[in-house]
1. How big is the C-alpha Rg of region 14-139 next to the rule-of-thumb value 2.2 N^0.38 Å, as a ratio?
2. Please give the length that would be gained between Lys316 and Asp274 if that part of the chain were fully extended, namely 0.36 nm times their separation in residues minus their C-alpha to C-alpha distance (nm, one decimal).
3. Which order do the peptides 265-272, 222-229 come out in when sorted by mean C-beta neighbours inside 10 angstrom, highest first?
4. Classify region 220-316 from the C-alpha gyration tensor, please: rounded if a/c falls under 1.5, else prolate or oblate depending on whether a/b exceeds b/c.
5. Please report Rg (one decimal) and Dmax (integer) in Å for the Cα set of region 69-192.
6. Given the pairs Lys172/Lys218; Lys69/Lys209; Lys209/Lys265, which span a C-alpha to C-alpha distance of over 19 angstrom in this model?
7. Positive end of the dipole of region 256-312, charges at C-beta (+1 Lys, Arg; -1 Asp, Glu), about the Cα centre: which of Ile294, Ala268, Val284 has its Cα farthest in that direction?
8. So what's the back-of-envelope 222 nm ellipticity for the chain, counting only DSSP H runs of four-plus at -39500 (n - 2.57) apiece and dividing by all residues, rounded to 500?
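FYI, it's all coordinate maths here, none of it is from the lab. The model shown is predicted, which means the values in this text are computed figures rather than measured ones. Using ideal geometry, Cβ is built from the backbone for each residue, glycine included, and neighbour counts are taken over all protein chains shown.
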Amino acid sequence: MVNKKEDVGKMITDVEREISKIVVGQKAVIHGILRAVLCNGHVLVEGVPGVAKTLIVRAIATILGCEMKRIQFTVDLLPTDITGIMSYNPKKGFSILKGPIFANFILADEINRSPPKTQSALLEAMQERSVTIARQTHVLPNPFFVMATENPLEVSGVYSLPEAQVDRFLFKLMIGYPDSDDEKKILSSNMCINDFDSYDLKPVLNASKILDLQAQVKDVFTSEAIEDYIVKIIHQTRDKNGDLGKYISYGASPRASISLYIASKAEALMQGRDYVTPEDVRTVVYPVLRHRIILNYEAEAEDITADRVIKDILGKVNAP
């Protein structure tokens, strides 16, 4: 049982230190994934091939002491390949064969390579933490976390994620290229030279401790002034007036308000505090909103990104 808020910051530092044995750089992404785990939320990660998306989640699952399953999304993947099926054996009768969704950490690799019907198989699992197989509802392990990756380079053979599914991701994180110093370290420390087990990663947490931390997140104090700040930011995404407002087709939903609220609490806890500051809100606002603000074609034509719109919004809303 973790009792003190200051202990949480040290625990997160220990996790990040252990991950640094195998993952070079990408500290912001690792911090974001850990924050999502504390929020009991899911993460959509966008990045070019070869930037360690799979390695990061595999390492985090090991260090957090949880079971991980990888689902490689392809055009011929079926929903039952994810959830499982009802099977018949002449000797044993009917039985449920559970799919890879029954694990603590799910890596949905290149999720946009499968059609919407298959992508939607994750919807119930992500929102309800359960799946239905042959009219029977099965509860998923707890904690349950989905990290989905998508490749932004290709447009052939990929499908856009349904808006209903995108909104179920707490964060959208962007993985970029490493800097020169980090890439030099990668040359002598990579999975082509060393296998995963050789890094001897030690579990820092376990499922019970993660659930305890998730409970602590809910207890972090958020003042009324901070709540007003969050609501004003969200409402500003729906305002189509102003310099960049004309580029917004749809603003963020109430689920975005909830996500920003809980993510700010988790960020505060990770910093060793039991109260939320405006800086916590500004830290998490980009990954919370960048996939929830729907821009129009004019924005695409003029190279206006969601992050730029968010920056404009933060400049308009006064912090408490």
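1. 1.19
2. Stretched fully, the Lys316-Asp274 segment lengthens by 12.4 nm.
3. 265-272, 222-229
4. Here region 220-316 falls in the prolate category.
5. Computed over the Cα atoms of region 69-192, radius of gyration and Dmax are 17.5, 61 Å.
6. As for pairs spanning more than 19 Å Cα to Cα, those are Lys172/Lys218; Lys69/Lys209.
7. Positive-most Cα among the choices belongs to Ala268.
8. The per-residue figure over the chain is -13000 deg cm²/dmol.
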